[in-house]
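Visitor: Dropping the structure in here first, questions after.
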Amino acid sequence: MLSVTYATRRIGAQPLFTALTFTVERGECAAVVGPNGVGKSSLLRIIVDDDHLDEGTVLIDGRTPNDRSQGFRAIVAAELGDQAVFYDSTVREHLDLLCASHGVRPNVDAALIDAGIGDLADRFPHTLSTGQRQRFALVATLIRPSGLIVLDEPERGLDVDGQTWVAQAVAAATARGAAVVMATHSREFADRADVLVDLG
Ligand SMILES: Nc1ncnc2c1ncn2[C@@H]1O[C@H](COP(=O)(O)OP(=O)(O)OP(=O)(O)O)[C@@H](O)[C@H]1O
């Protein structure tokens, strides 16, 4: 599903990572780990075509990332901590709109209940707490159809129950055949991953 080959990214003359090579198959979860500033988010941004490699290749289902392509956007679902929201649409309305744009009608309320925020469906996203908003952002990423799910520190801001929910949601996604790649500072998430990409 995701193939990263001899990938090198530099900031100025300074290499972030060099000749990085790994693959993530459908049904697998990869954890990208390493200290602050080592290049985890940069790698994820390259995968979603929001940044570029200096050398090497990233292929998703054999194709170079291209966020202008509808086909690419249909396959890749990402939560990189930069979620924008409409000020006057509720949590449920955001998810209904997102699902409609992907041509699906899942049970939005059930997904919110599963994420522990079933009581927040009629709230505006900007009124949510940090952890509630993170759960909402993750539901938005996980509820739509996808083949590759890209998550930047999904544990960010979450309490223990929230982290347990994310772990279960990621396991459910891989069980249905999606590939997941996540940057994480969670030892537990890293230990559970099928593929470990250590940039440290
Ligand atoms: N557009 C940019 N211009 C200059 N420096 C950048 C740019 N993007 C990233 N960097 C630098 O690249 C390095 C890696 O950043 P990145 O966000 O990928 O790290 P990270 O491993 O995700 O860190 P953290 O664990 O803190 O989230 C940092 O030193 C960052 O300042």
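No lab work stands behind these numbers, since they all come straight from the coordinates. Since the structure is predicted, the reported quantities are computational estimates derived from the model, not experimental observations. Cβ sites come from the backbone with ideal geometry, for glycine too, and all protein chains shown count toward neighbours.
Visitor: For the chain, set up a Gaussian network in which alpha carbons nearer than 10 Å are linked by springs, and say which option among 31, 74, 84 fluctuates the most.
Guide: Answer for the Gaussian network model of the chain: 84.
Visitor: Further question: In segment 144-195, which trypsin sites (Lys or Arg not before Pro) fall in coil by DSSP and have 11 or fewer other Cβ atoms within 10 Å?
Guide: Details: sites: 156, 176, 187, 192; in loops: 156, 176.
In loop regions of segment 144-195 (DSSP not H, G, I, E or B), the sparsely surrounded trypsin sites (Lys or Arg not before Pro) are 176.
Visitor: Report the Cα centroid-to-centroid distance between segment 147-200 and segment 80-144 in angstrom, as an integer.
Guide: 19
Visitor: Anyone know which of 56, 162, 27 comes out most mobile in the 10 Å Cα GNM of the chain?
Guide: In the Gaussian network model the winner is 56.
Visitor: Treating only the Cβ atoms of Lys and Arg (+1) and Asp and Glu (-1) as charged, compute the dipole magnitude of segment 57-200 about its Cα centre; round to the nearest 20 debye.
Guide: Charge dipole of segment 57-200: 420 debye, to the nearest 20.
Visitor: What shape does the chain have by the C-alpha gyration tensor, where a ≥ b ≥ c are the square roots of the eigenvalues, rounded means a/c under 1.5, and otherwise prolate means a/b greater than b/c and oblate the rest? Don't skip to the end; give the middle numbers.
Guide: Numbers: a/c = 1.77, a/b = 1.56, b/c = 1.13.
It is prolate, given that a/c is not under 1.5 and a/b is the larger ratio.
Visitor: At a threshold of 8 angstrom on Cα-Cα distance, excluding pairs fewer than six apart, so keeping six or more, what relative contact order does the chain reach in percent?
Guide: With pairs under 8 Å counted, the relative contact order is 32 percent.
Visitor: What is the gain in length, in nm to one decimal, between residue 5 and residue 19 on full extension, counting 0.36 nm per residue of separation less the C-alpha to C-alpha distance?
Guide: Extra length from residue 5 to residue 19 when fully extended: 4.3 nm.
Visitor: Per DSSP helix of 4 or more residues, -39500 (n - 2.57); summed, then divided by the residues of the chain. What does that give at 222 nm, rounded to the nearest 500?
Guide: Helix-only estimate at 222 nm: -9500 deg cm²/dmol.
Visitor: So, one more: List the DSSP H helices in the chain whose Cα atoms stretch 15 Å or more along the helix axis and whose mean Kyte-Doolittle hydropathy is at least -1.0.
Guide: Membrane-span-like by this criterion, though nothing is claimed about a membrane: 91-101, 130-142, 160-175.
Visitor: Give the percent of DSSP beta bridges with both residues in the chain that are antiparallel, rounded to the nearest 5.
Guide: Numbers: 13 of 30 bridges.
Bridges in the chain are about 45 percent antiparallel.
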